[in-house]
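Take a look at the structure below.
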Ligand SMILES: [Zn+2]
């Protein structure tokens, strides 16, 4: 009876579309809530949402006595459900929940999520996305580019480099830049090959220092990228040794991360996101004379833990990011 009523509501042939993706044990905590509502009496909800890589649909049966059936359909904006990307359906026990991670749909543009439940629902749905729906740009304006991440064996932040990069990527994704990390780790002998026997990356201070010391270290690092203008994050021990060696190299379009900046403790990823901000926006810190930036993220790393990126800075950064070569 319940099945008949559900199929009456959704005329899509579920066998024609792929299963949307795996069921998760828990609702995600690191994504944005794109939509969250009670399921209406009509039992059908249609929402337009954007997502870059992660879209999750959570349904909770809030009826303590009755089981219910649900069906989630993801389809193209302007398309019909008969040409759905994917379908996910099942049953929920009284007070049961389900969390579906949408895999079988091309994210990166808006999609339609349709949720249908069986009769007499008392249920709530929440759609999670990795794009912040409060932002003033559309899903189509999100810029997706590779971010090369090089980790040398003796880098001070070697053991936590991925956490720093992932958090930094989250900060910039919120601003509409979706970096796809491409990780490459270098062994001790590879580190010696690229940085020399001292295994230190020679950093520079100002244009006059560009050709001092073993400046070729930076050139060899740059040559690890598929294109010289690609963005890279380089975890290395530098000749400066300490967070003073953590800096942006606009000449070679890469950032060097030695030790993390202390303020007393920077939030994980803040320093990497800040240095990427110098590649995307340019020199200077928010609040300094003649610096146009308005983001907390671009306040000096020794004085601020803020990670917000303003709408105007985000727009400018997206324009710059669009010039990063692919791949
Ligand atoms: Zn800075």
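Quick notes on this structure:
- Whichever residue in the stretch 211-221 is outside any loop (DSSP other than H, G, I, E, B) and in contact (Cβ under 8 Å) with a residue 24 or more places away in the chain and, among such residues, is nearest to the ligand (Cβ to nearest atom): 218
- Evaluation of residue 255 against the conditions (1) within 13 Å of the ligand (Cβ to nearest atom); (2) touching a residue at least 12 places away in the same chain (Cβ under 8 Å); (3) surrounded by fewer than 21 Cβ atoms within 10 Å (Cβ to Cβ) shows that the sole unmet condition is (3).
- Residue selected from the stretch 9-36 under the condition loosely packed, with under 11 Cβ neighbours inside 10 Å and assigned to a helix (DSSP H, G or I), by the criterion modelled with the highest pLDDT: 16
- Any hit, the stretch 222-239, residues being part of a helix (DSSP H, G or I), within 16 Å of the ligand (Cβ to nearest atom), under 30 Å from residue 199 (Cα atoms) and in the same structural domain as residue 203 (by TED's automatic domain parsing): no
- Tally, over the stretch 282-292, of residues that are surrounded by 14 or more Cβ atoms within 10 Å (Cβ to Cβ) and more than 10 Å from the ligand (Cβ to nearest atom): 3
- Qualifying residue in the stretch 310-322 (condition: surrounded by 21 or more Cβ atoms within 10 Å (Cβ to Cβ), under 16 Å from residue 179 (Cα atoms), within 16 Å of the ligand (Cβ to nearest atom) and touching a residue at least 60 places away in the same chain (Cβ under 8 Å)): yes
- Pairs are defined by a Cβ separation below 7 Å, a sequence spacing of at least 6 or placement on different chains, a first member in the stretch 283-308 that is assigned by TED's automatic domain parsing to the domain that holds residue 266 and closer than 19 Å to residue 262 by Cα, and a second member that is modelled with pLDDT under 95 and within 11 Å of the ligand (Cβ to nearest atom); the pairs so defined are 285/300; 296/304; 301/261; 302/261.
- Failed item in (1) farther than 19 Å from residue 168 by Cβ; (2) part of a helix (DSSP H, G or I); (3) at pLDDT 95 or above; (4) within 13 Å of the ligand (Cβ to nearest atom), with residue 244 passing the rest: (3)
- The requirement of being in contact with a helix residue (DSSP H, G or I) (Cβ under 6 Å, 6 or more places away or on another chain) and away from the ligand (no atom under 11 Å from the Cβ) is fulfilled nowhere in the stretch 298-305; no residue meets it.
- Whether a residue is without any contact (Cβ under 8 Å) to a residue 60 or more places away in the chain and closer than 27 Å to residue 140 by Cα was assessed, and residue 181 passes this test.
- Here 145, 140, 162, 135 are screened, and the one residue that is surrounded by 13 or more Cβ atoms within 10 Å (Cβ to Cβ) and assigned to a helix (DSSP H, G or I) is 162.
- Just one of the listed residues (169, 127) is in a helix (DSSP H, G or I) and touching a strand residue (DSSP E or B) at 6+ places or on another chain (Cβ under 6 Å), and it is 169.
- Inter-residue pairs, beta-carbon under 8 Å, first within 17 Å of residue 173 (Cβ to Cβ) and in the stretch 259-278, second more than 15 Å from the ligand (Cβ to nearest atom) and part of a loop (DSSP other than H, G, I, E, B), 6+ apart: 276/231
- Test for residue 199: is it more than 18 Å from residue 282 (Cα to Cα), assigned to a helix (DSSP H, G or I), in contact with a helix residue (DSSP H, G or I) (Cβ under 6 Å, 6 or more places away or on another chain) and at pLDDT 95 or above: no
- Members of the stretch 37-88 found to be over 15 Å from residue 117 (Cβ atoms), outside any loop (DSSP other than H, G, I, E, B) and in contact with a strand residue (DSSP E or B) (Cβ under 8 Å, 6 or more places away or on another chain), listed by number: 48, 49, 55, 56, 74, 75, 76, 81, 83, 86
- Yes/no for residue 274 being within 14 Å of the ligand (Cβ to nearest atom) and in a helix (DSSP H, G or I): yes
- Every residue from the stretch 261-271 that is within 13 Å of the ligand (Cβ to nearest atom) and in contact with a helix residue (DSSP H, G or I) (Cβ under 8 Å, 6 or more places away or on another chain): 261, 270, 271
The values are calculated or read from the model by the stated rules, or taken from the named source; none is laboratory data. Note that the coordinates shown come from a computational prediction; the quantities given were computed from them, not determined experimentally. As a convention, Cβ positions derive from the backbone with ideal geometry for all residues, glycine included, and neighbour counts pool all protein chains shown.
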